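Peer 1: Let me give you the structure first, and then I'll get to my questions.
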Amino acid sequence: FVKGANASILPDSFGKFEGQLSSLSALQVRGGEMDWKADILNSEEEESTGAPPLEFAHGTTTLSFIYDGGILAAVDSRASIGNFVGSKTTQKVLPINNHMLGTMAGGAADCSIWIRKLQAESRHCELAEGRPITVARVSRLLADYLYANRNSDLSVGTMIMGYDEQGPSIYYVDNKGTRIGGDLFSVGSGSTFALGVLDTERRRNMKEDEAINLGIKAIRHATFRDAFSGGYIAVYVITKE
Amino acid sequence: MDSVFGVEYDGGVIIASDQNNARSILTYQTNLDKVAELSSHSAMGVSGPNADLVNFSQYISKNLALYELSNNGLKLSPHAQANFTRGELATALRKGPYQVNIMLGGYDTIKNQASLYWLDHLAAMAKVNYGAQGYASSFCLSIMDRDWKEGLNQEQAVAIVEKCIKELQVRFLIAQPNFIIKAIDKDGVNTLSFGADPADN
């Protein structure tokens, strides 16, 4: 079945199929390791009477921040299937176009399929308008798709970052349709550990090598403490060029 | 958990909300503007998950703008805007409800009268002189019950709001360091103060 009458405010049938597929797969995989994910999703919508549940829903650590010469993104590379390490070498940063990146946290399939769709949509906009698309617009496209599909049990926690004529910007977008702009974000189960290091040691006027070292340090500390993060650390730098 | 409250005074209405944007144990930002301006003389403070907050308030404000454009600049009164908003919440209730709780305030430029409405996510609506949404209501309603009276001026209304904010900062479990306060009167919607400069999302 398709949950809710507002399942498709999407422009094409590809998205509609996607929505149905992910709700099917959610049904089949329910039970076992997916149960706690459902608990997180359900309890977020009610007032919690006890302590709020810890956010385990995205088994990864990704971070990005704006420094004085550009944007830095750092990610780990572990893909977990419950308590099993599925891959040590996942690629969690995907290019959207040649001046924008998107990071991936949450369901690997959900993230890669939606970012791939975003690649196509942003290229289409650029061709139609004849000028580079802005980060705000790209993130809004993704947020609108995810909001339309918010009842389909998707799991996406991505950061869309890049340079456009307004300067550098980072937008956090997730499967509920939340879209927040800012200059420092960390997403994933290890995000709180990474933020601890980032918040304490970050300064506004860092140089590129200091920013890279801080990104590596934050992910290293997160992988040390978080069971669901590990593998190698990938670092990306976006500058005006 | 968002704090949103409003106080009506003689000639206008104040809407205040916190500026935290958080989920589970993480605070994403502390400069979010949750008082959405709907039209030139109305605004609504919205509480709820960020996606519904942004999408619903933009949906309502764009629909109100469309009404103005399609009807030769004829504006809807705050009473009509509140009832339209409540209607949208009610229609969505059985399909995919918006999980937003709202304090809607407006100034009717024709009748020269301010009004404040309390709307919740189940599409209930009440016209009130003062009100609060969320946990703020547990702490602030008693302060407003005690201090509000007919014929307040703007300074007195702001004083009540600031008392409520101080109480939340002393007694509420969740730290909300920044609050944004807006006033709606015959001159439109003005931001009186904010804890942190709101980001433009």
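The values are calculated or read from the model by the stated rules, or taken from the named source; none is laboratory data. Note that the coordinates shown come from a computational prediction; the quantities given were computed from them, not determined experimentally. Please note: Cβ atoms are built from the backbone with ideal geometry, for glycine as well, and neighbour counts cover all protein chains shown. The accessibility values were calculated without ligands, DNA or RNA, using every heavy atom of the protein model including side chains. Shrake-Rupley method; radii C 1.70, N 1.55, O 1.52, S 1.80 Å.
Peer 1: Hey, what do the phi angles of the stretch B:68-74 turn into as Karplus ³J(HN,Hα) couplings, whole Hz, using 6.51/-1.76/1.60 and θ = phi - 60°, x for Gly and Pro?
Peer 2: Values per residue, Gly and Pro as x: 4, 5, 7, 10, 6, x, 6 Hz.
Peer 1: Find the accessible area per residue for the stretch A:90-241; the probe is 1.4 Å, ligands and nucleic acids are left out, and the unit is Å².
Peer 2: I get 43 Å² per residue for this part.
Peer 1: Next up: So for the stretch A:63-152, Kirkwood radius off the Cα pairs, Stokes-Einstein at 10 °C and 1.306 mPa s: how many µm² s⁻¹?
Peer 2: Stokes-Einstein gives a translational diffusion coefficient of 108 µm²/s.
Peer 1: Evaluate the charge dipole of the stretch A:98-175 about its Cα centre and quote only its size in Debye, nearest 20, assuming +1 on the Cβ of each Lys and Arg and -1 on the Cβ of each Asp and Glu.
Peer 2: 80 debye
Peer 1: On average, how many beta carbons from a partner chain sit within 10 Å of the beta carbon of a residue in A:174-183?
Peer 2: Average per residue, whole number: 5.
Peer 1: Taking the Cα centre of the stretch B:113-201 as the origin, how large is its charge dipole in debye, to the nearest 20, when only Lys and Arg (+1) and Asp and Glu (-1) carry charge on their Cβ atoms?
Peer 2: My answer is approximately 220 debye.
Peer 1: Let me ask something else about it. Could you give the nm distance between label points at residue B:127 and residue B:99, where each point is 7 Å from its Cα heading toward the beta carbon?
Peer 2: 3.2 nm
Peer 1: Under unit Cβ charges (Lys, Arg +1; Asp, Glu -1), what dipole magnitude, rounded to 20 debye, does the stretch B:1-89 have relative to its Cα centre?
Peer 2: 200 debye
Peer 1: Another question, if that's okay. Given H placed 1.01 Å from N in the peptide plane, which residues other than close sequence neighbours of residue B:113 have an amide H under 5 Å from its amide H?
Peer 2: Amide H neighbours of residue B:113: B:108.
Peer 1: Here is a follow-up. What number comes out for the charge environment of residue A:147, summing +1 per Lys or Arg and -1 per Asp or Glu over other residues with Cβ under 11 Å away?
Peer 2: Its environment carries a net charge of +1.
Peer 1: Taking the alpha-carbon centroid of each part, what is the distance from the stretch A:179-241 to the stretch B:46-89 in angstrom?
Peer 2: The distance from the Cα centre of the stretch A:179-241 to that of the stretch B:46-89 comes to 39 Å.
Peer 1: Given a 1.4 Å probe and heavy atoms of the protein chains only, how would you sort B:148, A:114, largest accessible area at the top?
Peer 2: My answer, sorted largest first, is B:148, A:114.
Peer 1: What does the net charge come to around residue B:110 if you take all other residues with beta carbon closer than 14 Å to its beta carbon, with K and R at +1 and D and E at -1?
Peer 2: Taking every Cβ under 14 Å from that of residue B:110, the sum is +2.
Peer 1: Another one. Just tell me how shielded B:42-53 is by partners: mean number of partner chain Cβ atoms within 10 Å of each residue's Cβ, no decimals.
Peer 2: That works out to 3 on average.
Peer 1: On to the next question. Report residue B:130's accessible area, 1.4 Å probe, all protein chains in place, as a number in Å² to the nearest 10.
Peer 2: 50 Å²
Peer 1: Moving on. What is the set of long-range amide H partners of residue A:232 at a cut-off below 5 Å, with H atoms built 1.01 Å from backbone N?
Peer 2: Correct list: A:77.
Peer 1: What total accessible surface area, summed over both chains, is buried at the interface between chains B and A, computed with a 1.4 Å probe and given in Å² to the nearest 100?
Peer 2: 2000 Å²
Peer 1: Same structure again: Counting only protein heavy atoms, what percent of the accessible surface of the protein assembly as shown is carbon or sulfur at a 1.4 Å probe?
Peer 2: 52 percent
Peer 1: Rounded to a whole number, what is D in µm²/s for chain B from Stokes-Einstein with the Kirkwood radius over alpha-carbon pairs (25 °C, 0.890 mPa s)?
Peer 2: 147 µm²/s
Peer 1: Now, a different point. Working with all protein chains in place, sort A:212, B:25 by solvent-accessible area computed with a 1.4 Å probe, largest first.
Peer 2: The residues order as B:25, A:212, largest area first.
Peer 1: Using the Cα centre of the stretch A:94-241 as origin and beta-carbon charges of +1 (Lys, Arg) and -1 (Asp, Glu), tell me which of A:239, A:130, A:103 is placed farthest towards the positive end of the dipole.
Peer 2: A:103
Peer 1: Further question: Between residue A:213 and residue B:71, take the C-beta separation as r, use R0 = 51 Å, and let me know the FRET efficiency to the nearest 0.05.
Peer 2: 0.30
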